[in-house]
Amino acid sequence: MEIAIIPLDESHIPKVKGLIAGYLNSSNAVDESDPSPKQLEQCEQILYRFTNDSSAYCYLAKQDHEYIGFIILSWSFSISKGYPVLRIEALYSSAKHRNKGIGRKLMEHAINLAISNKATRLQLETDDDNAPARTLYKQLGFKLIQGKGVYMSFL
């Protein structure tokens with residue numbers, strides 16, 4: 001079956017809030033398939049804020065009439081190279097659709113977007129224990145940069 005990659009817009013929000021909940025729950029080792037009504041409402045609010053923000057872009061994977069995954073991207077700029085940088089902020093496919101090429105299809109969309117916009121690189125972060133994601137990234141030609149650490153200041 002064909003997988004379409006489409007940009008998120010407000011009309012999708014009621015149908016994809018469960019995907020956002022699944023992503024958040026998978027990151028917290030909670031059952032992805034059973035979000036609470038309160039969590040779904042919070043995810044809906046997050047998505048409405050997201051669609052009104054111009055700093056990042058979300059693309060959805062759709063198969064038939066079902067939304068089965070997403071990728072969130074943001075642009076920055078490499079001052080040393082003088083070209084844009086595309087960052088992958090989040091990648092998710094629903095639990096029942098994993099290992100069916102959804103993540104790869106979303107990643108290939110990001111790669112093509114980066115190439116078409118003359119980006120100098122595509123970069124992402126992932127958890128050390130996320131072996132399936134690390135395998136996919138390696139298969140797609142991503143390199144782990146040794147000696148780089150991630151620093152954050154939570155505001």
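The values are calculated or read from the model by the stated rules, or taken from the named source; none is laboratory data. Here the structure is a predicted model, which means the values were calculated and not measured. Here the Cβ is made from the backbone with ideal geometry for all residues, glycine too, and neighbour counts use every protein chain on show. What goes into the accessible areas is simple: the full protein's heavy atoms, side chains included, and nothing from ligands, DNA or RNA. Shrake-Rupley method; radii C 1.70, N 1.55, O 1.52, S 1.80 Å.
Using a 1.4 angstrom probe on heavy atoms only, work out the carbon and sulfur share of the accessible area of segment 39-155 in %.
Carbon-and-sulfur percentage of accessible area, whole number: 51.
Expressed in nm², what is the orientationally averaged projection area of the convex hull enclosing the Cα positions of the chain?
Mean projected area for the chain: 10.5 nm², to one decimal.
Got a sec? What order do VAL85, VAL150 fall in by accessible area at 1.4 Å, biggest, i.e. largest, first?
These residues rank, largest area first, as VAL150, VAL85.
Run the helix sum for the chain: -39,500 (n - 2.57) per DSSP H stretch of 4+ residues, divided by residue count, reported at 222 nm to the nearest 500 deg cm²/dmol.
Result for the chain: -11000 deg cm²/dmol, rounded to the nearest 500.
Just report the Cα centroid separation between segment 78-96 and segment 3-17, whole Å.
Between the Cα centres of segment 78-96 and segment 3-17 lies a distance of 19 Å.
DSSP loop GluC sites (Glu not before Pro) in segment 1-66 with at most 16 other Cβ atoms within 10 Å of their Cβ, which ones?
Here the sparse-neighbourhood loop sites are GLU2.
Mind checking which of HIS12, HIS65, HIS109 has the largest fluctuation in a GNM of the chain, springs on alpha carbons under 10 Å?
Answer for the Gaussian network model of the chain: HIS65.
Using DSSP to define loop residues, name the trypsin sites (Lys or Arg not before Pro) in segment 104-155 whose beta-carbon has at most 10 other beta-carbon atoms within 10 Å.
LYS118, LYS143, LYS148
Taking DSSP loops as anything outside H, G, I, E and B, show the longest stretch in the chain free of chymotrypsin sites (Phe, Trp or Tyr not before Pro) there with at most 16 other beta carbons within 10 Å.
1-150
Distances over 14 Å make up what percent of all Cα-Cα pairs in segment 41-98?
Of the Cα pairs, 66 percent sit more than 14 Å apart.
Charges at C-beta only: +1 for Lys and Arg, -1 for Asp and Glu. How large is the resulting dipole of segment 1-130 about its Cα centre, in Debye rounded to 20?
The dipole of segment 1-130 has a size of about 480 debye.
Round to the nearest 10 and report in Å² the accessible area of ASP64, as given by a 1.4 Å probe over the protein chains' heavy atoms.
Taking all protein chains as shown, ASP64 has close to 100 Å².
Per residue, what accessible area does the chain have, given a 1.4 Å probe and all protein chains present, in Å²?
Per residue, the chain has 66 Å² of solvent-accessible surface.
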